[in-house]
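Here the structure comes first, spelled out in structure tokens, and everything after it is commentary.
Every read-out reported here was derived from the displayed coordinates using simple, explicitly stated rules and does not represent laboratory data. A quick note: this is a predicted structure, and the numbers were derived from the prediction, not measured. Every residue, glycine as well, gets a Cβ built from its backbone with ideal geometry; the counts of neighbours run over all protein chains shown.
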Amino acid sequence: MGSSAVRGHGRQLAAGRDSRAGSRPRASTEGSARRSAGGSHRRYQLRESADDWSGRVRFIIVRIAGAALLLCTASGPRVAIAESLCQSCELQAGIGGTYHFWGTTGGVMLPFTVNWDEARYELGLFRVTTQQVLVDANCPNGRVIADPYWGMSLSRRWKLFESGPVRVFFGFGLSAKTESDQLSSTRLDFASQLGLRFRLPGNHLVGELTMRHWSNAGVRLPNHGQDFAILTFRVNSGMFGVDRSEQIGRAQLMDPSEFHFTEDQRHRLLP
């Protein structure tokens, strides 16, 4: 009787060990599944938050651009400078292209800028309309480094040199864009520019040729930087004034020597 009880107790202990041994892989599998599900959920949350941030930046830029266009088109042209929204403001539009290390990357840029206080300050809206593809020794067939995006910049500009109708200037400020890419892993960057402002005789055409660089100064990698060059011209919308240095003074306007009439025209104009 005693030996039977001992054998029965031994079988119960063996069965308990077997049951515990069988339950360990199952518990481990369930833990791995929970960790995998948790990691997927965290990745989904990070991806969702990045998409939300991109959407918010795009929404802000589009709203500001829409407000600027509304101001330019809501009213008819103004005849008097005193009626303009900003007497020292100047609206410019043009076209440009992207490059990297002095090699073109094929991006087409559409810039719209407003400068004021004799072009000391500038607010710009930029649209990269095409993909940027870099061709180098590592990728002779080219690789996509950035997709199309919207961008904005706000800069303070300083005059470096001026002679007659030509002015060389440097600008520095901040920029924001709707997408991060291999050129810059951040959407908020520093913005620098080196430009040439020119006026053709008679002030009929005023333009700027600028080379610009956006980057985060190495705060986060990758940070190759967005390089582009643009050519813009002043748009006479009637909503803005004219640079003080380019205005025609009253004395100059009333000076008869500034007007050249033929003898026949002089007889027609004078009583």
Counting Lys and Arg as +1 and Asp and Glu as -1 over every other residue whose Cβ sits under 13 Å from the Cβ of ARG143, the net charge comes to -3
Write down the radius of gyration of the range 75-246 and its Dmax, each obtained from C-alpha positions, in Å.
17.3, 59
Net charge, PHE170 excluded, C-beta distance under 9 Å - Lys, Arg +1, Asp, Glu -1
+2
Can you give the FRET efficiency for TRP158 and ARG220, using 1/(1 + (r/R0)^6), R0 = 41 Å, r = Cβ-Cβ distance, to the nearest 0.05?
0.90
Assuming R0 = 22 Å, can you tell me the calculated FRET efficiency for the pair LEU231 and CYS139, based on Cβ-Cβ distance, to the nearest 0.05?
0.15
Note down the nm distance, to one decimal, between modelled labels 7 Å out along Cα→Cβ at SER185 and at GLU118.
4.4
